[in-house]
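Everything on this sheet refers to the single structure shown next.
The values are calculated or read from the model by the stated rules, or taken from the named source; none is laboratory data. This one's a predicted model, so the numbers in the text were calculated from it and none came from an experiment. Positions of Cβ are backbone-derived with ideal geometry, glycine not excepted, and every protein chain shown enters the neighbour counts. With ligands, DNA and RNA removed, areas are computed over all heavy atoms of the protein, side chains included. Shrake-Rupley method; radii C 1.70, N 1.55, O 1.52, S 1.80 Å.
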Amino acid sequence: MNIYVNDEETRIDSGQTLASLLASLTGGRQVAVAVNDTVIRQDAWSDYRLQDRDRVLVIAPVQGG
């Protein structure tokens with residue numbers, strides 16, 4: 001199935017969880033995530049099953065001053 005990660009079309013396996021997607025994308029870095037404009041808390045990632053055409057926004061924190 002196809003989803004969009006930061007507006008880039010991405011093919012994933014059916015039933016893939018948000019946690020497994022993020023593990024492959026971020027290498028364990030801290031990120032914030034929204035799916036279809038809804039923020040998903042980190043403690044829900046392992047239970048959140050992605051659906052065809054979901055739009056996933058991954059945001060990494062940036063230090064600055």
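Please give me, ordered by residue number, the trypsin sites (Lys or Arg not before Pro) of the chain that lie in loop per DSSP and have at most 10 other Cβ atoms within 10 Å.
Working: sites: Arg11, Arg29, Arg41, Arg49, Arg53, Arg55; in loops: Arg29, Arg41, Arg53.
Within the chain, the qualifying trypsin sites (Lys or Arg not before Pro) (loop, at most 10 other Cβ atoms within 10 Å) are Arg29, Arg41.
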* Got a number for the accessible area of Ile59? Probe 1.4 Å, square angstrom, nearest 10. -> 90
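From the convex hull of the Cα coordinates of the chain, what is the mean projected area in square nanometres?
Details: hull surface 18.5 nm².
One quarter of the hull surface, i.e. the mean projection, equals 4.6 nm².
How long is the gain from Asp47 to Gln30 if the chain were fully straight, where each residue apart is worth 0.36 nm and the alpha carbon distance is subtracted?
On the way: separation 17, 0.36 × 17 = 6.12 nm, distance 1.81 nm.
Computed gain between Asp47 and Gln30 is 4.3 nm.
Expected output is a single nm value to one decimal: the length gained when fully extending between Glu9 and Val58, i.e. 0.36 nm times separation in residues minus the C-alpha distance. What is it?
Details: separation 49, 0.36 × 49 = 17.64 nm, distance 1.36 nm.
Length gained between Glu9 and Val58: 16.3 nm.
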